Amino acid sequence: MIKIKQSPLTTIITLSPNQSASWKETKTMITCMVILVMVIALGWTLSGAWIILPFAGLEVGLFAYFMYRVCKQGFAQQIITISDNLVLIESGIQRREVARTYNRNQLSFEVTETERDWHLPDIVVCLDNYRLSIGEFLNQDDRMLLKDALKNAGLPLSRTQWWKE
């Protein structure tokens, strides 16, 4: 998801992944899965197949862990603040973990596209020998919106397939 907020002095572009479920919905799904698997495992245990209990515990434990990790990544965010002479890129999950400030005149953005759109376009901040990929968690439509927003903010933008529109 991309949100653009413009004021006379700055443009703020907020990037965040599309979330399919909130943390509350994820906890509900984990709880339902734990109850379902444990009821089945207890049924097998009562019929004499007690060896299934550790595997059922491992299954629900791994399911809960991976659901937590996926949900946590859904809260990732990048904020690009563009002013007259500076570009600030902040990123993190639920809080600012990394913040980098760049001189706008020394900065360019590169959009790497593939033939026949086999892969999502990659948007990279370029500064001398330093490269930083932004919006990696965005879908194709949102990446195109980001490209247009950067272009509309007046930042230098180069494309690998400049002949396409």
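The values are calculated or read from the model by the stated rules, or taken from the named source; none is laboratory data. Since the model is a prediction, treat every value here as computed from it, not as a measurement. Glycine also receives a Cβ, built like all others from the backbone with ideal geometry; neighbour counts cover every protein chain displayed.
For this structure, a couple of remarks:
- Failed item, numbered, when residue 96 is tested on (1) surrounded by 15 or more Cβ atoms within 10 Å (Cβ to Cβ); (2) outside any helix (DSSP H, G or I); (3) free of Cβ contacts under 8 Å to residues at least 60 places away in the same chain; (4) not β-branched (Val, Ile, Thr): (1)
- Test result for residue 139, polar (S, T, N, Q) and over 16 Å from residue 17 (Cα atoms): no
- Test: residue 91 is polar (S, T, N, Q) and closer than 30 Å to residue 156 by Cβ: yes
- So residue 12, is it surrounded by 12 or more Cβ atoms within 10 Å (Cβ to Cβ), touching a residue at least 24 places away in the same chain (Cβ under 8 Å) and aliphatic (A, V, I, L, M): yes
- Here residue 85 passes the criteria (1) within 24 Å of the chain's Cα centre (by Cα); (2) exposed (fewer than 11 other Cβ atoms within 10 Å of the Cβ) except the one numbered (1).
- Scanning segment 67-115 for residues that are in contact with a Cys (Cβ under 7 Å, 6 or more places away or on another chain) and hydroxyl-bearing (Ser, Thr, Tyr) yields a single hit, 108.
- Taking segment 129-155 as the range and being closer than 13 Å to residue 110 by Cβ and loosely packed, with under 12 Cβ neighbours inside 10 Å as the test, the residues that pass are 130, 131, 133.
Conditions (1) surrounded by 12 or more Cβ atoms within 10 Å (Cβ to Cβ); (2) in the same structural domain as residue 138 (by TED's automatic domain parsing); (3) closer than 28 Å to residue 149 by Cβ, marked per residue:
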{"position": "6", "(1), (2), (3)": "yes, yes, yes"}
{"position": "35", "(1), (2), (3)": "no, no, no"}
{"position": "40", "(1), (2), (3)": "yes, no, no"}
{"position": "43", "(1), (2), (3)": "no, no, no"}
{"position": "53", "(1), (2), (3)": "yes, no, no"}
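- Candidates 147, 151 - the one that is modelled with pLDDT of 80 or more and touching a Leu at 6+ places or on another chain (Cβ under 6 Å): 151
- Among (1) over 20 Å from residue 94 (Cα atoms); (2) touching a residue at least 24 places away in the same chain (Cβ under 8 Å); (3) not in a helix (DSSP H, G or I) - the single one residue 34 does not satisfy: (3)
- Residue among 45, 28, 81 that alone is in contact (Cβ under 8 Å) with a residue 40 or more places away in the chain and either assigned to a helix (DSSP H, G or I) or under 28 Å from residue 124 (Cβ atoms) (or both): 81
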